[in-house]
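Visitor: Structure provided below as structure tokens; questions to follow.
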Amino acid sequence: PPRSSGIRKGRKPRADCDIAPSPYRPHVAAVDRLRAWTSPHSTCLDSRLRLELSPGTANAVQHLLFTALEPSTLTTYGPGLLRFHQFCDSEGIPESSRMPASRYLLAGFVAHHAGAVSGGTLSGWLTGLHAWHDVNDAPWHGDSRFVSLVRTSASKHAPLSSRRAQRAPVTIEHLLALELFLSPDNPRDCAVLAVALVAFWGCCCLGELTVPSRSAFDRRRHVAMAPQPVFKALPCGVESALFTIPFGKVEKESGAHISLTGRNLLCPVRALRHHLDLNSRVPDNAPLFAYATADEGWMPMTKSAFLGRCKEAWDPLRLSRVSGHSFRIGGATELLLAGVPPETVAAQGRWRSLAFLLYWRRLEDLLPLTISKSYDRSRIATLKSDFDAYRVRNNLPSDIPDSLVA
């Protein structure tokens, strides 16, 4: 049956992650909790499916339900289910009342953790609970105004210690240092520079350009060498490049087009073309940023290998530590500071309008610390006006709950 097939046994839980034994909650890995943890409601759902459908069709429906979300997403949803049931156990909530969870139960769950965790953590836990209700066809009451008000207030009481430091963006200084450090004749270094500049100017997530591990390449999710990027000379004399990724962070299986425009300094188009020329013997069915090796073979560019090479360039110069998402943040920041309209930057990074406004709200605190020396600091004030106009043009609210910005 889909609920039990392929289930991984969980590791020994930490002291704060222990939970009372229950037939509804077997000891499984976090990634499997969404389907393996059940309730009287989900038991009834399983029975109803098999009353209306043949066993094979019912199993197919549930298999598709449980595989609709990515493993990484399922793993992040696991803690929310754990904390919710820990709370319910402590309050003596019967199993039949846990799904569908009433607005009062959800508000109590939020109130129980108010002052102990951040608004972002609470939001993540509730998102996991929402998904648990969705896959079990249970109504969700977490979006009620009643719960929303409790969440907003809980976010205001979050302890300072629960707030993670903002991720610093990659800057022009980072990229100049990386370009000087890397060897233009080394196949791996050329691939590293191409990834860095494409991720930065294309406002891409690193996971859209690299692979998780050497054996994890999947053409349904990762961009391949073929079809090759299309290079074009624009009427203004600048060269552009265009390629398609099969899976995007926002677009999922619909994929997305990555459009790059040439520039004099730190040119992503030139770096991409040089990478493809130097690594021309890499086969078409390899990842786009794979590189040739000395033994006549090739290696995929993994995210960890890419960041490791960047770290080798930046650590000796004591440049700010960054994460994979820092390239996307940095590229958007640089484009905004250069005067590119917010709508254009949002389109480049494939942000939806509200998501991009939330991004700006998070970025405001970082700008004074990370602004490139090539820009006047008055540009920050201009940007604030630009984004206010962007909000009005896109009919977005002026007040955004702290739970969304956190």
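Visitor: From the helices alone, meaning DSSP H stretches of at least four residues, give me the mean residue ellipticity at 222 nm for the chain, per-run term -39500 (n - 2.57), in deg cm²/dmol to the nearest 500. Could the numbers behind the result be given before it?
Guide: Details: 17 runs with 193 residues, N = 406.
Result for the chain: -14500 deg cm²/dmol, rounded to the nearest 500.
Visitor: Also, I was wondering about something else. Show me 93-103, 42-52, 324-334, 6-16 ranked by packing, highest mean number of other Cβ atoms within 10 Å first.
Guide: Details: 93-103: 17.3, 42-52: 13.6, 324-334: 23.9, 6-16: 9.9.
Ranked by mean Cβ neighbours within 10 Å, highest first: 324-334, 93-103, 42-52, 6-16.
Visitor: Which angle between 0 and 90 degrees, to the nearest 10, do you get for helix 103-113 versus the longest principal axis of the chain when only C-alpha atoms count?
Guide: The angle comes out near 60 degrees.
Visitor: Taking 0.36 nm per intervening residue step and subtracting the Cα-Cα distance, what contour gain separates S215 from E296 on full extension?
Guide: Values: separation 81, 0.36 × 81 = 29.16 nm, distance 1.85 nm.
My answer for the length gained is 27.3 nm.
Visitor: Now, a different point. Size of the dipole of the chain about the Cα centre, Lys and Arg at +1 and Asp and Glu at -1 on the beta carbon, nothing else charged, in debye to 20? The partial results should precede the final answer.
Guide: Working: 48 positive and 36 negative charges, 100 e Å.
About 480 debye.
Visitor: With a bin width of 10 angstrom, please list the P(r) values of segment 149-288 as percents of all Cα-Cα pairs, from the 0 bin to the one holding the largest distance.
Guide: 10, 35, 30, 13, 8, 3
Visitor: Based on alpha-carbon atoms only, what is the radius of gyration of segment 15-161 relative to the globular estimate 2.2 N^0.38 Å? Display every interim value, and only then the final one.
Guide: Working: Rg = 15.7 Å, N = 147, 2.2 N^0.38 = 14.7 Å.
Output field value: 1.07.
Visitor: Suppose R0 equals 60 Å. What FRET efficiency, 1/(1 + (r/R0)^6) with r the Cβ-Cβ distance, do N264 and S47 give to the nearest 0.05? Walk me through the numbers on the way to the answer.
Guide: Working: r = 67 Å, r/R0 = 1.11.
It comes to 0.35.
Visitor: Separate question: Using just the alpha carbons, could you tell me how many Å³ per residue the convex hull of the chain encloses?
Guide: Details: hull volume 76.3 nm³, N = 406.
Convex hull volume per residue, Cα atoms: 188 Å³.
Visitor: Report the calculated FRET efficiency for H63 and H274 (r = Cβ-Cβ distance, R0 = 30 Å), to the nearest 0.05. Numbers along the way, then the final one.
Guide: Numbers: r = 45 Å, r/R0 = 1.49.
Once rounded, the FRET efficiency stands at 0.10.
Visitor: Keeping to pairs on different chains or 8 or more places apart, tell me how many lysine pairs in the chain have Cα atoms under 24 Å apart.
Guide: Final tally of qualifying lysine pairs is 6.
Visitor: Hey, another quick one. Taking Cα atoms, how many degrees apart are the long axis of helix 145-156 and the longest axis of the chain, rounded to 10 and kept between 0 and 90?
Guide: Rounded to the nearest ten degrees, it is 60.
Visitor: What is the gain in length, in nm to one decimal, between T344 and L242 on full extension, counting 0.36 nm per residue of separation less the C-alpha to C-alpha distance?
Guide: Working: separation 102, 0.36 × 102 = 36.72 nm, distance 1.64 nm.
In short, 35.1 nm is gained.
Visitor: Give the calculated FRET efficiency between A116 and A233 to the nearest 0.05, with a Förster radius of 41 Å applied to their Cβ-Cβ distance. Can you show the working numbers first?
Guide: Values: r = 58 Å, r/R0 = 1.42.
Step by step, r from the Cβ atoms, then E = 0.10.
Visitor: Another question, then. Using only Cα atoms and rounding to the nearest 10 degrees, what angle (0 to 90) does helix 353-363 make with the longest principal axis of the chain?
Guide: 80 degrees
Visitor: Taking 0.36 nm per residue of sequence separation and subtracting the Cα-Cα distance, how much length would be gained by fully extending the chain between K252 and E91, in nm to one decimal? Intermediate results must be reported in sequence, preceding the final value.
Guide: Details: separation 161, 0.36 × 161 = 57.96 nm, distance 3.89 nm.
Using 0.36 nm per residue and subtracting the Cα-Cα distance, I get 54.1 nm.
Visitor: Going by a ≥ b ≥ c, the root eigenvalues of the Cα gyration tensor, does segment 79-229 fall in the rounded group (a/c under 1.5), the prolate group (a/b larger than b/c) or the oblate group? Present the calculation step by step, with values, prior to reporting the outcome.
Guide: Values: a/c = 3.56, a/b = 2.12, b/c = 1.68.
Taking the square roots of the gyration eigenvalues as a ≥ b ≥ c, segment 79-229 is prolate.
Each reported figure results from applying straightforward, stated rules to the coordinates on display, with no laboratory input. Here the structure is a predicted model, which means the values were calculated and not measured. Ideal geometry is used to build each Cβ from the backbone, glycine not excepted, and the neighbour counts take in all protein chains shown.
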